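Read through the structure below, which is laid out as C-alpha cells, and then see the notes.
Taken together, the values in this text are just the output of simple stated rules run on the coordinates, not laboratory data. Quick caveat, the model's predicted, so the values are computed rather than measured. Glycine gets a Cβ as well: all are built from the backbone with ideal geometry, and neighbour counts include every protein chain shown.
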Amino acid sequence: MYIFIAGKQKLLEKLLGSFCAVSPVRGMDEPLHYRHKVHQVLTRDPQGRILGGYYAAGSHRVVTVPSCRLDDEECQAVIRTVCRLAKDFGLPVYNEIRKTGLLRHVMVRKSHATGEMMVILVAAAPELHGKAKLVQQLTAAHPKVTSVILNVNGRRTSMILGEKNITLFGPGYLTDTLCGLSFKLSPASFFQDNPVMTEPLYETAAGFAELSGTETVIDAYCGTGTIGLIAAPRAGQVIGAELSADAVRDARENARANRIKNARFVRADAGRFMAEFAARGEHADVVFTDPPRSGCTPAFINALLALSPDRIVYVSCGPESLARDLGLLTKGGYAVKAIQPFELFPFTEHIESVCALSREKRP
C-alpha cells in the first residue's frame, strides 16, 4: 500500500491534530533506493534458479522482482551474486513447508559513510559447504563487502535472524556515522534503514529535549545508543535502558569509541528500569522513547508517569499507537508541544514522527 506525503499528512492531522498542530512532513529530495538494510527471502523458480524475493503482504508467499526501487542498488547486486553462487555451490534453499534445506535469507547492510557492506547469510544449520570459496568469490565480485557472517536460525519461526553468528570474513560488523558520531553495527543492531533522513530526525529529537548541559536523561528502548549518545554532549548524564544484550554491548562500545563519558547503558526492560528509578526517589529531566510500531506497553506508560520527567521526546513509527499513547500521557498531566513528521519510508504507508511533551502538572 503506497501513501504519498499529502496522504500521510492528512492521516497524521486526523489522528494527532487534537493534541497539537502537526508540522509539514519533511520529505526527501531523492526518495529512491534509500534503504541501506536490504533483506530478501531465498526461493527457487520452476527452472531451478535461486532467486531473492519479498514476502507478499500478510503472507509468506515469496514474490521475486528484478529490482526494488526502494532498496540500495549495490546491496541488491550483492544478493543476486549470492543467489548465483548458492546455485553454483549446490546449496539447498530452505523450504518453509517441508522444513528442509539450508539457506533461508540474505541480508545486506551498507554503511552510508564508507559504502562498505556486511552480508549476513541466514541458514538453518551451521554447516555451509564451500564457504571459503564462496566468500572468496563474493568479495572478489564486490570489493566493498568487508564482512560476511553466517547466521544460524534453525527454529520454526517468522523471525529472520537466529541468535548464533559465525564470522566467515572480516570483523563481523560495520561502522557508520550519524550526527558526527561513529556507530558500530552488528548483524542484529537496530539502525534506521534510511540514513539520509535519520540525521535530521535525531537532531530534531535532541532539540526537542531542550537540554542545557545539566539534565539527567533516560534513553528508553535505546538500542545501540544512537539518540542518547547524540544528546549526551548537551546533557549532564544519559542512561540508556535496553533488553537486548547485543545492543547494550554495542551501545557501550559506541560510547567508548566516541569518547563520551557521561553516558551509561544497562540491560533492562525500560519500563521496569524507570519504575525502579522512580521508586528510589531519583529524578529524570528528560526521557527519550523510541518504541516499536506497536507503541509503548501499558506498563511502560505507567512507569513513565510514575517517573514524571519534565519533558518527554517520543519518536514513533506508528501513528495509531502514537495517538493512543499521547492520549494516555496527556491524561497523565502532559501537554504535546510539537509534532514533526519525517518521510523515512517513501512510497510505503509508514511515517516517522517526533513529538515533544512537557509536564503541565503532576498526575
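With each run of n ≥ 4 DSSP H residues scored as -39500 (n - 2.57), what mean residue ellipticity at 222 nm is computed for the chain after dividing by its residue count and rounding to the nearest 500 deg cm²/dmol? Can you show the working numbers first?
Values: 9 runs with 105 residues, N = 363.
One gets -9000 deg cm²/dmol as the mean residue ellipticity at 222 nm.
Under the Karplus relation 6.51 cos²θ - 1.76 cosθ + 1.60, θ = phi - 60°, what is the ordered set of whole-Hz ³J(HN,Hα) values for region 264-280, x standing for Gly and Pro?
So the J values, rounded to whole Hz, are 9, 10, 10, 8, 6, 5, 4, x, 5, 4, 5, 4, 5, 4, 5, 5, 7.
When ranked by the protection proxy of mean other Cβ atoms within 10 Å per residue, highest first, what sequence do the peptides 97-106, 151-160 form? List each step's numbers first, then the result.
Details: 97-106: 15.4, 151-160: 13.4.
Most protected by this proxy first, the peptides run 97-106, 151-160.
Excluding residues on the same chain fewer than 8 positions from Lys164, give the lysines whose Cα lies under 18 Å from its Cα.
Once the sequence-local lysines are set aside, what remains near Lys164 is Lys131.
Helix 73-88 against the longest principal axis of the chain: what's the angle in degrees, Cα atoms only, rounded to the nearest 10?
The angle comes out near 40 degrees.
Percent relative contact order of region 218-263, based on C-alpha pairs within less than 8 angstrom and at least six residues apart? Let's see the in-between values first.
Values: 66 pairs, mean separation 20.7, N = 46.
So the answer I get is 45 percent.
When ranked by the protection proxy of mean other Cβ atoms within 10 Å per residue, highest first, what sequence do the peptides 49-59, 238-248, 174-184 form? Don't skip to the answer; put the middle values down first.
On the way: 49-59: 13.9, 238-248: 21.2, 174-184: 18.5.
So the peptides 49-59, 238-248, 174-184, ranked by packing, come out 238-248, 174-184, 49-59.
Mind pulling the angle between the C-alpha long axis of helix 245-257 and the longest principal axis of the chain? Nearest 10 degrees, somewhere in 0 to 90.
The angle comes out near 70 degrees.
Using 26 Å as the Cα-Cα cut-off, could you pick out the over-long pairs in Lys14/Lys337; Lys37/Lys144; Lys8/Lys144; Lys8/Lys337? Numbers along the way, then the final one.
Numbers: Lys14/Lys337 17 Å; Lys37/Lys144 15 Å; Lys8/Lys144 36 Å; Lys8/Lys337 20 Å.
The pairs that break the limit, which is 26 Å between Cα atoms, are Lys8/Lys144.
So in the chain, what percent of DSSP beta bridges are antiparallel if you round to the nearest 5?
Numbers: 44 of 73 bridges.
So the antiparallel bridges amount to about 60 percent of the total.
Please give the helix 195-208 orientation as an angle from the longest Cα principal axis of the chain, in degrees from 0 to 90, rounded to the nearest 10.
The two axes meet at around 10 degrees.
Which peptide among 26-32, 301-307, 259-265, 311-317 comes first, and what is the full order, when sorted by highest mean count of other Cβ atoms within 10 Å? Could the numbers behind the result be given before it?
Values: 26-32: 13.1, 301-307: 20.7, 259-265: 16.3, 311-317: 24.4.
In descending order of packing, they fall as 311-317, 301-307, 259-265, 26-32.
Under the Karplus relation 6.51 cos²θ - 1.76 cosθ + 1.60, θ = phi - 60°, what is the ordered set of whole-Hz ³J(HN,Hα) values for region 142-155, x standing for Gly and Pro?
9, x, 6, 6, 10, 9, 10, 10, 9, 9, 9, 9, x, 7
If I model region 37-172 as equal point scatterers sitting on the Cα atoms and use the Debye formula, what is log10 I(q)/I(0) at q = 0.11, 0.12 Å⁻¹?
-0.35, -0.42
Taking 8 Å as the Cα distance limit and 6 or more residues as the minimum spacing, I'd like the relative contact order of the chain as a percentage. Kindly include the intermediate steps, with their values, before the conclusion.
On the way: 767 pairs, mean separation 55.5, N = 363.
Relative contact order of the chain: 15 percent.
Straight-line reach from Lys261: which aspartates and glutamates fall under 13 Å, measuring Cα to Cα and dropping same-chain residues less than 8 apart?
Cross-link targets: Glu253.
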